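Peer 1: Below you will find the structure I want to go over with you.
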Amino acid sequence: MRQVENAVYVKNLKSAKKLTTGESGCPDVRTGEIMRQSVAVITTGIGQDAAAMCVYEVLTRCGHLLYNAQSAALFGQCSFQGASAAAGLPLSDELLAAAAKGLASPAVPPRPARLLAEEAAFWAAMADGTKAKYPALSPTAAPKLWSYNECMEISSQYFWSGAPWDMVARKYVADTLNAANRTTGKPARAYTQGDVIAAGP
């Protein structure tokens, strides 16, 4: 993880010890306790090379293989479909059901005025740039719940080099969603790159 992403963990780390430069190939390694459990908070760095070397070091030191993906390639256009479906999908369905129930409740807090103002400014800029008309935002509308057969996250490591790669990324997402829907038996829909929005970090 990156420094910003691990800030909460570092803040709550008790009896913290930070490895000095040269003790590890990872950019930042801290050990200690969180909720009375011994943990290590490790920053792998940005980029597949730095992250891979750091993860390899962690696996070597810990002596355990944390993840074993059955694939001939660990980088590139890989989709580990079916690798953890048996264990992951029931939990995903349970979480989706709980989230849907929560969003249907009147207890969902309204979005703050500051967020509404930023949303309005964003869509005004979009309308000005695209010359398209967008629907008015409801200040009380609940967030939309997306299922795993409707959206996915894709790494930007390999695609954000220029406009043509945006198309490649969107096509890959569409193909992977279609494959996932066939595997899970969800209602079939043939997604195309035109159905996908690619957003960089």
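A short reminder: the numbers here are calculations on the coordinates, not readings from a lab. Please read all numbers here as calculations on a predicted model, not as lab measurements. Glycine also receives a Cβ, built like all others from the backbone with ideal geometry; neighbour counts cover every protein chain displayed.
Peer 1: Using the Karplus curve 6.51 cos²θ - 1.76 cosθ + 1.60 with θ = phi - 60°, what ³J(HN,Hα) values do you get for each residue of the stretch 30-37, in whole Hz, with x for Gly and Pro?
Peer 2: 10, 10, x, 10, 10, 6, 6, 10
Peer 1: Report, ordered by chain and residue number, the aspartates and glutamates lying within cross-link reach of Lys171, taken as a straight Cα distance under 16 Å and ignoring same-chain residues fewer than 8 apart.
Peer 2: Correct list for Lys171: Glu150, Glu153, Asp195.
Peer 1: Taking H as built 1.01 Å from N, whose amide H comes closer than 5 Å to the amide H of Asp28, not counting residues under 5 places away?
Peer 2: HN-HN under 5 Å from Asp28: Thr43.
Peer 1: Once you list every other residue whose beta carbon is under 12 Å from the beta carbon of Ile34, what net charge do they have if Lys and Arg are +1 and Asp and Glu are -1? Write down the numbers at each step before the final one.
Peer 2: On the way: positive: Lys11, Lys14, Arg30, Arg36; negative: Glu33.
Result for the neighbourhood of Ile34: +3.
Peer 1: Given R₀ = 41 Å, what would the calculated FRET efficiency be for Ser38 paired with Asp128, taking r from the Cβ atoms and rounding to 0.05? Can you show the working numbers first?
Peer 2: Numbers: r = 54 Å, r/R0 = 1.31.
Efficiency, rounded to the nearest 0.05: 0.15.
Peer 1: Let me ask something additional. Which lysines, if any, have their Cα less than 26 Å from the Cα of Lys101, not counting same-chain residues under 8 positions apart?
Peer 2: Excluding near neighbours in sequence, the set is Lys144, Lys186.
Peer 1: Please list 3J(HN,Hα) in residue order for the stretch 12-17, calculated via the Karplus relation 6.51 cos²θ - 1.76 cosθ + 1.60 where θ = phi - 60°; whole Hz, with x for glycine and proline.
Peer 2: After applying 6.51 cos²θ - 1.76 cosθ + 1.60, I find 9, 7, 9, 6, 6, 9 Hz.
Peer 1: Moving on. Taking the Cα atoms of the stretch 7-62, what is the range of coordinates along each of the three principal axes, in descending order and whole Å?
Peer 2: That works out to 32, 21, 18 Å along the principal axes.
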